[in-house]
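Let me begin by presenting the structure, written as structure tokens, before commenting on it.
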Amino acid sequence: MADCCIFAGQGAQVPGMGKDFAEADAEVMGFFDKANAVLGFDLKKTCFEGPAEELTKSNICQPAIFVVSYAAFTQLQKKHPMTFAAAAGLSLGEWGALCAAGVLDFDSTLKVLEARGRFMQEACEATPSGMIAIVGASAAQLDELCAKTGCTVANINSAAQQVLSGSKDEIANAATVAKELGIKRAIPLATAGAFHSKFMAPAREKLAPVLDGITFNAPKMPVLSNVTGKPHSSDPGEIKALMLEQVTGTTNWAADVEAAKALGCTRFVEFGPGKVLSGLVKKIDAALTTLNVADLATLDATAAAL
């Protein structure tokens, strides 16, 4: 049985996350202290105490989820050392996967995610936009929905669930048109804006020089790209280019899971708050095994299961 480590994406954040890890292990507390020093604000306090509104801001939640996910990853490796056959993550989680694979170090990942989150938040505030989850649409229905509304596919979570991005008006129209097309469910999402779409072009442009200043290495294990649905190459320049494209391009999580399966992975261990990715993995293939590490309780349960 081969294992794939997967890293949570934006939206998984919850006040209190990481606190029990930090209180139980000085190394984890050190991660949060280092994050505070690198970022220049009290990420630790916001993670441990909230408020939720502050933790939801992209420039805060992106580094916050990364630190908690990385802490969870290191804690499992201490309790139950293991070798993963592949790594993947959803959107910001792909950066956690790259860090776990040694492509960039902890400090550099923090700097990238603070900047990425800040630029994405600025793009959201510049143009009112949003996202809508589409459940149970056929490929033809999805194409027609996009053609009629101007929305674009932001996330392919599974064959049965996609997320569209668009302007506020396009998203509102998509809910109506989806009903007319007989699509099972269309659920507007409470996001700051239209992630993984043309609306994020200003963020992508600002992120490019930040990535130019970061050292990337060849991955020590296969890391699956959200953009291609295939493992990243060993070329740091190509990895940077794909991670820029990821800001405006479609995130194909379903393809990542299939690629992990092709590498022999039958068990997926999710690191970070929540179990969203575990749920999506099961929707893609119910035969796959999922485990998660979000806190001390789930750490113990997962270590016991392994």
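The values are calculated or read from the model by the stated rules, or taken from the named source; none is laboratory data. Bear in mind the structure is a predicted one, so any value in this text is a computation, not a measurement. Glycine gets a Cβ as well: all are built from the backbone with ideal geometry, and neighbour counts include every protein chain shown. Areas reflect the complete protein model, heavy atoms only, side chains present, ligands, DNA and RNA absent. Shrake-Rupley method; radii C 1.70, N 1.55, O 1.52, S 1.80 Å.
Values computed for the structure shown
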item: Residue match in the range 25-36 (condition: part of a loop (DSSP other than H, G, I, E, B), open to solvent by 10 Å² or more (accessible area, probe 1.4 Å) and hydrophobic (A, V, I, L, M, F, W, C)); result: no
item: Cross-chain or 6+ apart pairs with Cβ under 7 Å, the range 55-67 first and within 13 Å of residue 124 (Cα to Cα), then part of a helix (DSSP H, G or I) and open to solvent by less than 10 Å² (accessible area, probe 1.4 Å); result: 58/117; 58/120; 59/117
item: Number of the exception - residue 79 against (1) of a type in the set (D, E, K, R); (2) within 20 Å of residue 11 (Cβ to Cβ); (3) touching a residue at least 24 places away in the same chain (Cβ under 8 Å); (4) open to solvent by 30 Å² or more (accessible area, probe 1.4 Å); result: (2)
item: Failed criterion for residue 66 (all others in (1) in a loop (DSSP other than H, G, I, E, B); (2) under 21 Å from the mean Cα position of the chain (by Cα) hold); result: (1)
item: Any hit, the range 84-93, residues being open to solvent by 10 Å² or more (accessible area, probe 1.4 Å), farther than 28 Å from residue 3 by Cβ and of a type in the set (Phe, Trp, Tyr); result: no
item: Complete set of residues in the range 169-209 that are open to solvent by less than 40 Å² (accessible area, probe 1.4 Å) and of a type in the set (Val, Ile, Thr); result: 171, 177, 183
item: Count - residues of the range 5-24 that are in contact (Cβ under 8 Å) with a residue 60 or more places away in the chain and in a helix (DSSP H, G or I); result: 3
item: Check on residue 65, among the β-branched types (Val, Ile, Thr), at pLDDT below 95 and under 30 Å from residue 249 (Cα atoms); result: no
